[in-house]
1. Does any residue of segment 299-309 turn out to be farther than 26 Å from Val223 by Cβ and either more than 30 Å from the chain's Cα centre (by Cα) or not hydrophobic (A, V, I, L, M, F, W, C) (or both)?
2. Do we have Thr95 as crowded, with 18+ Cβ neighbours inside 10 Å, over 19 Å from Gly263 (Cβ atoms) and of a type in the set (Val, Ile, Thr) here?
3. Any chance you could count how many residues in segment 96-130 are among the hydrophobic types (A, V, I, L, M, F, W, C) and within 16 Å of ligand 2 (Cβ to nearest atom)?
4. Could you check, for segment 209-216, whether at least one of its residues is surrounded by fewer than 22 Cβ atoms within 10 Å (Cβ to Cβ), hydroxyl-bearing (Ser, Thr, Tyr) and more than 16 Å from ligand 2 (Cβ to nearest atom)?
5. Select from segment 73-95 the residues that are within 14 Å of ligand 2 (Cβ to nearest atom) and touching a residue at least 60 places away in the same chain (Cβ under 8 Å) and list them in ascending order.
6. Out of all the residues in segment 24-53, which are surrounded by 24 or more Cβ atoms within 10 Å (Cβ to Cβ) and either under 12 Å from Asn179 (Cβ atoms) or among the hydroxyl-bearing types (Ser, Thr, Tyr) (or both)?
7. Going through segment 291-317 one residue at a time, which ones are modelled with pLDDT under 95 and either of a type in the set (Asp, Glu) or under 17 Å from Gly151 (Cα atoms) (or both)?
Amino acid sequence: MTITDVVVVGLGGGGSNIADLFAERGFFSVAINFSSQDLSSLTHVHHKQKLLGSDGLGHDRQRAVELVATHTSVLTSFLIKHCEDAEVVIVSFSTGGGSGSGLSSLTLNLLSNMYPDKAIIAMPIIPHDEESTTALMNNQQVFEELSSIEGICIAPVDNQKAKSRDFAVGKAKIYNITNKSIVDHFHALYSYTSESSKSGSFDKKDFINLFKQEGYCSIAEVVDVAYWLEKGKLILNPSNMKKLLRSVLNESMFAPVEYDSIGKAAIIIDTEDEDVIDNIDNSIFDDFANRPLDVFEGIYNNEQSNFLMVVLTGLSMCQTRLSKIDEILEMRQKELENLPRTNTAFKSKFSSMSLPSNKPAQKKEKLSTQDILNMYRKR
Ligand SMILES: Nc1nc2c(ncn2[C@@H]2O[C@H](COP(=O)(O)OP(=O)(O)OP(=O)(O)O)[C@@H](O)[C@H]2O)c(=O)[nH]1
Ligand SMILES: [Mg+2]
């Protein structure tokens, strides 16, 4: 059955790829793009909206805004039609391109104005460090715009995380690893809302309230707690659980977390091992400057599971990541300033060289077909 209380809206190529994967996992998802080619590559989304005016925008995010300004009603009526009944709306888009990046702030603003009571989650995909200067600049513009939209939760996906695992890794692999990891987190978290538990369950209302929180979001997921503790040569105690969580957050596909504030949190523990449950307490939040205002817990005892998930919302803006991109842009600007003026005029030293037999060739007398034939005829 399709999940309809959480709706995913994908904008542009990258954003729609994420929406497509959400749809594959059962979430009602729609895609909006200027490019019909990008739209036709999607196989799972429930509805697609092609915007008029251009077929792809070649990373020109300003153009997206200008084009959609002439027929905003197409965008708004599509959003109303598909988001009206949802409790949570996830808007995914890449920040580095033109279409998704350009449409993002407008779409989020429209949604948060129309639906102040829904949880609106922006899911911007940050380009990795080696991407083009335009992609990195577009990213910084998007985050400036996002910071002036009130009341939304921002879950920043960071392509640099997959890239830095293996520097030689290509585009397709980065996209696959990143998209799958992010969508699986949300899917796992949502799945727990329909599981029952005697020790306290994480229900739909908790899910909605967790994301009805202004600020940034990150998710740490540990599939097998015992395995990770063993790998890090750590014994099971609250202080090591905090350490484990911090390292898992570092490895997640979300942008690096800032520890200067936190709003709400969810802790999902699914294990038969009571020792694990006993060693996870609120000290896992000790690295933050404050304690979360609200903590939603779900404790489950499914057989053979040793699972832990911690979701953090109301975090500070991902300053470390954005400052790193500023540094890269500064370096690239310096490189450009030191470059000699681009030379487009070509002058060869040899274009007027006189050759030994530079006399015009003697005009050859044109042969008739019969003449040529005669050359090959038996004498
Ligand atoms: N994680 C992830 N990143 C993606 C994916 N597709 C594209 N990107 C990133 O998105 C950026 C390119 O933006 P697209 O989403 O392709 O652009 P668009 O929104 O379609 O805009 P235009 O094609 O320029 O009109 C690059 O920075 C890529 O790193 C994807 O499926 N997953
Ligand atoms: Mg595109």
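The values are calculated or read from the model by the stated rules, or taken from the named source; none is laboratory data. From a predicted model like this one, the values you see are computed outputs, not experimental measurements. Glycine also receives a Cβ, built like all others from the backbone with ideal geometry; neighbour counts cover every protein chain displayed.
1. no
2. Yes: the conditions hold for Thr95.
3. The total comes to 2.
4. No, there is no match, as no residue in segment 209-216 is surrounded by fewer than 22 Cβ atoms within 10 Å (Cβ to Cβ), hydroxyl-bearing (Ser, Thr, Tyr) and more than 16 Å from ligand 2 (Cβ to nearest atom).
5. The answer is Ser92, Phe93, Ser94.
6. Answer for segment 24-53, where residues must be surrounded by 24 or more Cβ atoms within 10 Å (Cβ to Cβ) and either under 12 Å from Asn179 (Cβ atoms) or among the hydroxyl-bearing types (Ser, Thr, Tyr) (or both): just Ser29.
7. If the condition is that a residue be modelled with pLDDT under 95 and either of a type in the set (Asp, Glu) or under 17 Å from Gly151 (Cα atoms) (or both), then Glu303 is the only one that fits.
Residues checked against (1) at pLDDT 95 or above; (2) crowded, with 23+ Cβ neighbours inside 10 Å:
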{"position": "Gly15", "(1), (2)": "yes, yes"}
{"position": "Leu57", "(1), (2)": "no, yes"}
{"position": "Arg63", "(1), (2)": "no, no"}
{"position": "Asp85", "(1), (2)": "yes, no"}
